[in-house]
Amino acid sequence: MSFFAFLAARRAELLALAAQHLVLVAASTAAAVAIGLPLGIAMTRLRRLARPLLAVAGLVQTIPSLALFGFLIPLPLLGGIGTRTALTALILYALLPILQNTYAGIAQVDRVVVEAATALGMTDGQRLRLVELPLALPVILAGVRIAAVVSVGTATIAAAIGAGGLGTYVFRGIATVDTRLILAGAIPAALMALAVDALLGAVERSRRPFRAAALLAASLVATLGLALFAARPARERAVVVGSKNFTEQVLLGEMVARLLESRGFAVERKLNLGGTNLCHQGLLSGELDVYVEYTGTALADILARPVPPDPARVLPEVRERYAALGLDVLDPLGFDNTYALVVRGDDAQRLPLRRISDLAPHAATLRVGLFGEFLERPDGMKGLLRTYGLRLGSPPSEMDLGLLYTALLDRQVDVVVGSATDGLIAARQLVVLEDDRHYFPPYDAVPITSRQAEERHPGLRAALATLAGRVDAATMRRLNYAVDGEHHDPPAVAADFLRAAGLTN
Amino acid sequence: MHKSFGGHAALDGVSLAVAEGRVLVLLGRSGSGKTTALRTVNRMVDPDQGTVTVLGQDSTAWDPIALRRRIGYVIQEGGLLPHLDVGDNVALVPRLLGWDEERRRRRARELLDLVGLPPDRFEAQLPRQLSGGERQRVGLARALAADPPLLLMDEPFGALDPLTRRRMEDEFRALQERLRKTVVLVTHDVPEALRLGDEVAVMDGGRVLQHGPPGEIRDAPREGFVRDFVGAALS
């Protein structure tokens, strides 16, 4: 299928995501102007304010966007999962250029002109309105243009916290190793940035920039109003289904969502959320009603408890401790997605490698790729190296989950820390090394929901319970491969599975 | 009056008066305090000690905004607002005073005529399209727009070439014959001061060293700075 046919097939979704993206950019830029313009003007009146304010705005600018999202999520009012947090972050980023240019634009107005205006008997407000703002306008508009263009880029990352937009395709594409999907998000985003730049540039150069800016602002407000009106959520709250941002999680999220839909629940999907903690926090705060977690992750990562030597103790302990948090751990789906050290088939034969302990003599020369979370987790890299006495020659390369196998197949790295159900393992003759010292706890996939979710949506637990024991490891690997290897859409794969398993009709 | 800026005395015991309808020239080098003295009149500067009586009232009793709208102000190059056309520049104070548009426009055209700029040609031009002399005329027209009794002029002809300058000075004198405004004019140019002033105050170091009619300054400059300054300019 050509790229254009691929795009055409997704026309409706693509347009919706682009609209969402544009709304994020427009709303955040408009809000940043509403905050930054008066603040910038205030700085020219109270010059003592200027330095500290610009310093703070500059500092915010240096925070990487994902980190800023991370800071914001736990905050009440501003934070949470979704649009609100994204808007807050985008506004914070947009503030600096607007503040800076408003301040500089007014400060650069010829002193003689300002002096003359004062001597003619203008009040401060008249001087601002009749002299300073008109003369500073081109500089201020340049600031707005920079802010808006940067917002288009930053807004793609907002998909990581469930705010939608074109970044949804980018993240989904990275997670499923699908270049076309990445491009389907990235190219429209780039075009949007160029269009925004050109449009605001035209306003800047227009002979009547005031009128043009006012016109643009008015049409923006109208568009936003329409979009907000159109996007008004239904009064009745839907069940919110979450997932983390890798193929298996997206598939599981889709399965849960479709299963619930077939049982008559209204469902809202917040899939592809950027990390374990995000999902957990979402569940605790009530922004998510259900997602699928892994028992080992819940115990070691979320609860920060030591893993008991008896693997059979893990699920009961998680269930007990989650209950104290108001969360219900349902019965396992039927597969254990343990961490897996994966090597290329030819290396496995040549060296040879069969178990993790076989790595020890080669550790100095092998390059390891993993995703960042694994470095930090208590059941992660540090303990693994200690348990197996491995001394690496070079520090592991951190990369996104979705890029791990690409790097392994391209021989950029030799060992990746993946998971046992990764679909590419069987399809590309990769070998999973046996955890011969039983370092990893079991990672049974379990749906997690909250008591408040059950109260809001009676019957939710019972509906979810029908999935128990229905997905074994082989099935999960096959489904993952259908997405990662054969580039089928996760919703279609999930739907096929549910139908074949007799869970829906 | 006394006025210091950061420990430096800009005005060090200045006392001056100008009668209605007369032109007082403040003459001195840059830094002599002449501009600071001028700016006390429309409260762009308030003296640390001493008082200024403007239009029959202590200046501090005036609201500065209302005061400035009753005082015409002309500066070097005109100080025109670069984004407004000539007509709007001239009609600026009437606009601040809330005149309706029709009346403002009539007044602007009248004044452009008065300063020798045909309104049909100049009204819609932007300041950057004008020559230095034309800009200066627009600045003067703007200062006169609301018919203020008092006019402050800070080096009004300072940026002009000698020929244009001379012509502007002549025109200013002719205009003043008709309008009889009370004028305080600041300049560092001795011949200009002697030509335009009904009286001239020579300033240096924040003090008035000699104050009298132009003839007295020219023919009987006081020993010291005044004699050197005037002598150097006229020799």
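On the stretch given as segment A:171-188, residues that are in contact with a helix residue (DSSP H, G or I) (Cβ under 8 Å, 6 or more places away or on another chain) and surrounded by fewer than 22 Cβ atoms within 10 Å (Cβ to Cβ) total 8. Given the structure, is B:Q125 away from chain A (no Cβ under 14 Å) and under 29 Å from A:P134 (Cβ atoms)? Answer is yes for this residue. Kindly provide the set of residues from segment A:113-128 that are more than 8 Å from chain B (Cβ to nearest Cβ) and either closer than 19 Å to B:G139 by Cα or within 45 Å of the chain's Cα centre (by Cα) (or both), ordered by number. Those that are more than 8 Å from chain B (Cβ to nearest Cβ) and either closer than 19 Å to B:G139 by Cα or within 45 Å of the chain's Cα centre (by Cα) (or both): A:V114, A:G125, A:R127, A:L128. For segment B:78-98, the candidate set comprises residues that are more than 7 Å from every other protein chain (Cβ to nearest Cβ) and touching a residue at least 60 places away in the same chain (Cβ under 8 Å); within that set, the residue that is farthest from the chain's Cα centre (by Cα) is B:L80. Assess whether A:T247 counts as being of a type in the set (S, T, Y) and at pLDDT 85 or above. Yes: the conditions hold for A:T247.
Flag set for B:L112, criterion: at pLDDT 90 or above and either farther than 22 Å from A:V131 by Cβ or among the aliphatic types (A, V, I, L, M) (or both). Does segment A:257-275 include one or more residues that are surrounded by 24 or more Cβ atoms within 10 Å (Cβ to Cβ), closer than 11 Å to A:G162 by Cβ and of a type in the set (A, V, I, L, M)? Checking segment A:257-275: at least one residue is surrounded by 24 or more Cβ atoms within 10 Å (Cβ to Cβ), closer than 11 Å to A:G162 by Cβ and of a type in the set (A, V, I, L, M).
If the condition is being in a loop (DSSP other than H, G, I, E, B) and either under 16 Å from B:L151 (Cα atoms) or out of contact with any Phe, Trp or Tyr (no Cβ under 9 Å at 6 or more places or on another chain) (or both), then segment B:27-44 contributes B:S30, B:G31, B:S32, B:G33, B:N42, B:R43, B:M44. From the list A:V109, A:V149, A:V139, A:V131, the lone residue that is more than 14 Å from chain B (Cβ to nearest Cβ) and modelled with pLDDT of 90 or more is A:V149. Taken over segment B:157-212, the residue count meeting the criterion of being of a type outside the set (A, V, I, L, M, F, W, C) and under 17 Å from B:L114 (Cα atoms) is 10. For segment B:58-72, the candidate set comprises residues that are under 19 Å from B:L16 (Cα atoms) and in contact with a helix residue (DSSP H, G or I) (Cβ under 8 Å, 6 or more places away or on another chain); within that set, the residue that is nearest to the other protein chains (Cβ to nearest Cβ) is B:I71.
For segment B:30-46, the condition holds for at least one residue, the condition being that it is surrounded by fewer than 19 Cβ atoms within 10 Å (Cβ to Cβ) and in contact with a Ser or Thr (Cβ under 9 Å, 6 or more places away or on another chain). Scanning segment A:342-370 for residues that are buried (at least 18 other Cβ atoms within 10 Å of the Cβ) and among the hydrophobic types (A, V, I, L, M, F, W, C) yields A:V342, A:V343, A:A348, A:L353, A:I356, A:L359, A:L366, A:V368, A:L370.
Of all the criteria given as (1) within 30 Å of B:L80 (Cβ to Cβ); (2) touching a Lys or Arg at 6+ places or on another chain (Cβ under 9 Å); (3) surrounded by fewer than 20 Cβ atoms within 10 Å (Cβ to Cβ), the one not satisfied by A:Q108 is (2).
Taking segment B:126-235 as the region of interest, the helices (runs of 4 or more DSSP H) fully inside it that hold 1 or more residues being under 17 Å from the mean Cα position of the chain (by Cα) and buried (at least 19 other Cβ atoms within 10 Å of the Cβ) are B:132-144, B:162-179, B:190-196. Please work out if B:L55 is under 12 Å from the mean Cα position of the chain (by Cα) and more than 8 Å from every other protein chain (Cβ to nearest Cβ). Taking the combined requirement at face value, the residue does not satisfy it.
Residues in segment B:149-177 that are aliphatic (A, V, I, L, M) and more than 14 Å from every other protein chain (Cβ to nearest Cβ): B:L160, B:L163, B:M168, B:A174, B:L175. Contact map, segment A:464-481: residues that are touching a residue at least 12 places away in the same chain (Cβ under 8 Å) and at negative phi paired with residues that are among the small types (G, A, S) and part of a helix (DSSP H, G or I), Cβ distance under 8 Å, separation 6+ or inter-chain. Pairs shown: A:R477/A:A426; A:L479/A:A494; A:Y481/A:A426; A:Y481/A:A427.
Can you tell me which residue in segment B:99-125 is nearest to the chain's Cα centre (by Cα), limited to those that are assigned to a loop (DSSP other than H, G, I, E, B) and in contact (Cβ under 8 Å) with a residue 12 or more places away in the chain? Filtering first and then ranking leaves B:V115.
The values are calculated or read from the model by the stated rules, or taken from the named source; none is laboratory data. Computed from a predicted structure; not experimentally measured. Glycine gets a Cβ as well: all are built from the backbone with ideal geometry, and neighbour counts include every protein chain shown.
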